[in-house]
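Asker: Dropping a structure here in structure tokens format, bear with me for questions.
The values are calculated or read from the model by the stated rules, or taken from the named source; none is laboratory data. Just so we're clear, the structure is a prediction, and the values are computed from it rather than from any experiment. Please note: Cβ atoms are built from the backbone with ideal geometry, for glycine as well, and neighbour counts cover all protein chains shown.
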Amino acid sequence: MKKNIESVLTESRVFAPPPAFVAEARLKAHDLTALHQRAAADPQNFWAELARTEIAWHTPFTVTLDDRAAPNFRWFTDGELNVSYNCLDLQLAQNADQLAIIFEGEPGDVRTLTYRELHADVCRFANALKARGIRRGDRVVIYMPLVPEAVVAMQACARIGAIHSVVFGGFSALSLKERIEDAGARCVITADGGHRGGNIVELKAATDKALTEGCASVDTVYVLRRTGATVPMQLGRDLWWHEAIEGQAEVCEPEWVDAEHPLFLLYTSGSTGRPKGIQHSSAGYLLGAKLTSRWVFDLRSDDVLWCTADVGWITGHSYVAYGPLAAGATLVMYEGAPTYPDGGRFWRICGQHGVTVFYTAPTAIRALMKLGDELPAKYDLSKIRLLGSVGEPINPEAWMWYHRVIGGGRCPIVDTWWQTETGAIMISPIPGVTSTKPGSCTQPLPGIFADIVDDEGRSVTMPDAGGYLVIRKPWPSMLRTIWGDNDRYLETYWKKFQHRLYVAGDSAHRDADGCFWIMGRIDDVLNVAGHRLGTMEIESALVAHPRIAEAAVVSRQHEIKGESVFAFVVCRGARPTGDTKEFEKELRDWVAEQLGAIAKPDDIRFADNLPKTRSGKIMRRLLRAIARGETITQDVSTLENPAIIEQLRGH
Ligand code: WTA
């Protein structure tokens, strides 16, 4: 193992599902047992049956799993469907007037859309895309604030078979450019701006910058009017959203696509410099997102689900744009920052819109916990019946606060482990069945064969012994490949165990009750405030600065963000001494401009050189120990220059 397995948590608190919840739960203990038994007995048939009942097929499939090119697995291959039809049209018959989206903008504007209205909006925008000649297989990049039109844009792409790739609005123009180019997108959908923390995020300006510097494939840019700011429009290329949909029909025949047709690409950080375009399918992905929305969130049509994730992340794909709609629920979307104008914003929204299921990241829970119990106490949280957590390990203290203060002690908490690559939740409690422990994501869902293995791929059975988190059998919502780089797909996820096991990149251990505890990444990926960042991406951004010769990035623990970025840098010429504040700020802003504000280093330390082995490899483990203020246990005798350690320590 690359990373030291941290001391095993000794958590003895166990919370049985509250009886009131159990009484009402959709999935009971015997249902769960039956699902697990069916999955274990015949995994393929298990998925085939679910795919038949959960998905409306245009052409039914006869092939469940095609593993001839394993580990490039293909599911339900000869079936045809449309994901948008499954999410929207199916609801029209029974739930047309039910709310699909309750939206609140950061300035306080509220807007609601019924399923009928959402369907009409999606069709109109889909028709606008078609009118412009955008069709099946074309890549469309979506770079928008978290407003209903972001979901409309995603669903409209799905409707016409175009492949969307959402880029989080917090990413820089350069990151946007890199993703547009890798995807070969011909269309970008953006906005004149978005509201965030009382500021305007200038999305159109960033788009213009990206397009000026490259992106030759782009011929169309749609611009949503959100803030009303004046933005330049390029004749022939840029179209206002509201003008484009004018006069478009409110019906749009869905494009029937193969089950394996790519629904979307989503870029995520890996351990090398370039982000990778995770490619998802249509049918398998939809099945995963829909089933887990029902199993894990216990969704009923009278539920109001608020998943706080932006659609720029996988969580906002599976549990905002697709899963809850396919399950026929109502979702809340909020555009802005959790603490704007104050730390009560989230709780006010929960009360005002009657949120029943609330799903967020530990980083937000910790930030809000720090503000005290008085803020949430001011709002009516009584409708909440289920709480969820995702994106990083949740520390027991935050879990207990969430349970007690937000859940009033009556709500189960689902700590859900999954990844961009897995498409849907993989390891999680079932809220009416599974007993939970603060900090554990408990057990794999039916049909998911998760395991913990040693370096040889052998199952680690001893309780609390750590190992690699792997998945032993393919599952429908798994990634299909990395866009344009199947070798990297094989190398990253499969090579370690000779294509037999999917390697998640996390280390984990299992306790005596069989509960999984995720311990963190084993590769050079950081998890800052629930966002995945590659150390190499940040290092490349730093060395692109004219004054920086070399950089090494590691993480240290952070009270709120979980991890924060710690950069060791070597300057060209002399090492800056004295007051370096100004220069540090310049470097932070530089990284924000290159990558996005989320990648800004919290700590920057200057050194004359970096600790390297004689063969020239940067000793990251040593740097991590220094950043975390730990005692150094590594052998430093191979260091080129042992005296450097004091300097790196900041002495
Ligand atoms: C981490 C987010 C502990 C993990 C859905 C994983 C978690 C990475 C949890 C994926 C959890 C996610 N407990 N760690 N409940 N959920 N992670 O692709 O390291 O943005 O590999 O997907 O987040 O991050 P991604």
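Asker: Looking only at the stretch 487-530, which residues are more than 11 Å from the ligand (Cβ to nearest atom) and among the charged types (D, E, K, R)?
Answerer: Within the stretch 487-530, Asp487, Arg488, Glu491, Lys495, Lys496, Arg500, Arg510, Asp511, Asp513, Asp524 meet the criteria.
Asker: Among Leu368, Leu387, which is the only one that is buried (at least 21 other Cβ atoms within 10 Å of the Cβ), part of a helix (DSSP H, G or I), aliphatic (A, V, I, L, M) and within 24 Å of the chain's Cα centre (by Cα)?
Answerer: Details: Leu387 fails: part of a helix (DSSP H, G or I).
Step by step, each of Leu368, Leu387 is checked, and only Leu368 is buried (at least 21 other Cβ atoms within 10 Å of the Cβ), part of a helix (DSSP H, G or I), aliphatic (A, V, I, L, M) and within 24 Å of the chain's Cα centre (by Cα).
Asker: Shifting gears a bit: For Ile560, work out the one condition from (1) closer than 21 Å to Ala309 by Cα; (2) in a helix (DSSP H, G or I) it doesn't fulfil.
Answerer: All conditions pass for Ile560, except number (2).
Asker: Sticking with this one: Which numbered condition trips up Pro546, out of (1) buried (at least 17 other Cβ atoms within 10 Å of the Cβ); (2) assigned to a loop (DSSP other than H, G, I, E, B)?
Answerer: Going through the list (1) buried (at least 17 other Cβ atoms within 10 Å of the Cβ); (2) assigned to a loop (DSSP other than H, G, I, E, B), Pro546 breaks only (1).
Asker: In the stretch 397-421, which residue that is among the β-branched types (Val, Ile, Thr) and more than 8 Å from the ligand (Cβ to nearest atom) is farthest from Leu35 (Cα to Cα)?
Answerer: Per the criteria, the residue is Val405.
Asker: Additional query: For the stretch 320-339, which residues satisfy the criterion of being part of a loop (DSSP other than H, G, I, E, B), under 18 Å from the mean Cα position of the chain (by Cα) and touching a residue at least 40 places away in the same chain (Cβ under 8 Å)? First the steps, then the outcome.
Answerer: Of the residues in the stretch 320-339, the ones part of a loop (DSSP other than H, G, I, E, B) are 327-329, 335-339.
Restricting the remaining residues to those that are under 18 Å from the mean Cα position of the chain (by Cα) gives 335-338.
Answer for the stretch 320-339, where residues must be part of a loop (DSSP other than H, G, I, E, B), under 18 Å from the mean Cα position of the chain (by Cα) and touching a residue at least 40 places away in the same chain (Cβ under 8 Å): Glu335, Gly336, Ala337.
Asker: Only residues in the stretch 381-400 that are touching a residue at least 40 places away in the same chain (Cβ under 8 Å) count as the first member; pair them with residues that are of a type in the set (S, T, N, Q) and more than 7 Å from the ligand (Cβ to nearest atom), Cβ under 6 angstrom, at least 6 apart or cross-chain, and list the lot.
Answerer: Lys383/Thr356; Arg385/Thr356
Asker: How many of the residues making up the stretch 270-319 are more than 30 Å from Lys383 (Cβ to Cβ), hydrophobic (A, V, I, L, M, F, W, C) and under 15 Å from the mean Cα position of the chain (by Cα)?
Answerer: Total meeting the criteria: 1.
Asker: Does any residue of the stretch 455-465 turn out to be away from the ligand (no atom under 12 Å from the Cβ), outside any loop (DSSP other than H, G, I, E, B), buried (at least 19 other Cβ atoms within 10 Å of the Cβ) and hydroxyl-bearing (Ser, Thr, Tyr)?
Answerer: No, that holds for no residue.
Asker: Using the structure shown, decide if Ile471 is modelled with pLDDT of 95 or more, within 16 Å of the ligand (Cβ to nearest atom) and surrounded by fewer than 22 Cβ atoms within 10 Å (Cβ to Cβ).
Answerer: On the way: modelled with pLDDT of 95 or more: yes; within 16 Å of the ligand (Cβ to nearest atom): yes; surrounded by fewer than 22 Cβ atoms within 10 Å (Cβ to Cβ): yes.
For Ile471, the condition - modelled with pLDDT of 95 or more, within 16 Å of the ligand (Cβ to nearest atom) and surrounded by fewer than 22 Cβ atoms within 10 Å (Cβ to Cβ) - is met.
Asker: Which of the residues that make up the stretch 518-552 are under 22 Å from the mean Cα position of the chain (by Cα) and farther than 19 Å from Arg366 by Cα?
Answerer: Arg521, Ile522, Asp523, Asp524, Val525, Leu533, Gly534, Thr535, Met536, Glu537, Ile538
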